[in-house]
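Report on one structure; see the data block that follows.
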Amino acid sequence: MSKTTIHQEVLEANAAYAGNFGDKGKLPMPPGRRFAVLTCMDARLDPAKFAGLSEGDAHVIRNAGGRASDDAIRSLVISYKLLGTKEFFVIHHRDCGMLTFNNSIISDLLSKSLESAVVD
Ligand SMILES: [Zn+2]
């Protein structure tokens, strides 16, 4: 599938989503259920489904492995200090791809090339 096809699919999906957004555009900025989730970016995970979320319910911060990185912590602090969340959930999962390599491997891959790489 070409980039143009994926790009077009995403634009069409977004147009349909935005077209049906309705009153959700009037939701307040602070999350209504006053919690945040930090989890993995794994494509098999859908935080809205596994945590029972709807638009406006919670902040969802994602990265590779669901790590409490500096940037994730920055987002959680903003969520708590500025947007009223009271609880954080850090959610990991089985079969995480981040367990298939270590810092040495990724460092080596990056030192050789910033182009796409594959870990066998
Ligand atoms: Zn993962």
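Nothing in this text is a laboratory measurement; each read-out follows from the coordinates by a stated rule. This is a predicted model, so every value here is computed, not measured. Cβ coordinates were reconstructed from backbone atoms using ideal geometry, including for glycine residues, and neighbour counts include every protein chain displayed.
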Can you tell me the relative contact order of the chain? Whole percent, Cα pairs under 8 Å, sequence separation 6 or more. 27
Give me the aspartates and glutamates in straight-line cross-link reach of LYS86: C-alpha distance below 13 Å, same-chain residues under 8 apart excluded. ASP57
Through the Karplus equation 6.51 cos²θ - 1.76 cosθ + 1.60, θ set to phi - 60°, convert the phi angles of region 36-48 into ³J(HN,Hα) values in whole Hz; use x for Gly and Pro. 10, 10, 10, 8, 6, 7, 2, 5, 7, 9, 10, x, 4
Taking H as built 1.01 Å from N, whose amide H comes closer than 5 Å to the amide H of VAL60, not counting residues under 5 places away? VAL37
Over the chain, what lengths in whole Å, largest first, do the semi-axes of the equivalent ellipsoid take, defined as the square roots of 5 times the eigenvalues of the alpha-carbon gyration tensor? 29, 23, 13
Using alpha-carbon coordinates, inclination of helix 70-83 to the longest axis of the chain, degrees: 10
For the chain, what does -39500 (n - 2.57) per DSSP helix run (n ≥ 4), summed and divided by total residues, give at 222 nm, in deg cm²/dmol to the nearest 500? -11500 deg cm²/dmol
Assuming R0 = 35 Å, can you tell me the calculated FRET efficiency for the pair ALA68 and THR4, based on Cβ-Cβ distance, to the nearest 0.05? 0.40
Taking only Cα atoms and a 10 Å spring cutoff, compute GNM fluctuations for the chain and point out the largest among ALA68, ALA13, ALA51. ALA13
